Amino acid sequence: MTHPEDRVAEALRAQARVSATGLPPRPHGDPRAALRRQITLALAVALLAGVLLGVGIALVSLLAPGVLPTVG
């Protein structure tokens, strides 16, 4: 259990950090920012997977011609 003195000391330390850096504290729990991060991560993973799949198909096509079916 925290004592009131500990909470006051932590608040004073946080206030000193804010005044020393000149930046306001970050708001926690912004749902739009969290959603934006999740979408960005999902798109980055999809892009990486597409690049890896493309490189894999290109390598198979170059190293073992005739293994992949022809298109068209």
*Qualifying position, being exposed (fewer than 10 other Cβ atoms within 10 Å of the Cβ), of a type in the set (A, V, I, L, M, F, W, C) and modelled with pLDDT of 85 or more, among ALA64, ALA49*: ALA64
*Inside region 12-46, can you point out the residues that are modelled with pLDDT of 85 or more and either open to solvent by 100 Å² or more (accessible area, probe 1.4 Å) or of a type in the set (S, T, N, Q) (or both)?*
ARG32, ARG36, ARG37, GLN38, THR40, LEU41, LEU43
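The values are calculated or read from the model by the stated rules, or taken from the named source; none is laboratory data. Worth saying up front: this structure is predicted, and the values here are computed from it rather than measured. Every residue, glycine among them, receives a Cβ derived from its backbone with ideal geometry; neighbour counts consider all protein chains shown. Side chains included, ligands, DNA and RNA excluded: accessible areas come from the protein's heavy atoms. Shrake-Rupley method; radii C 1.70, N 1.55, O 1.52, S 1.80 Å.
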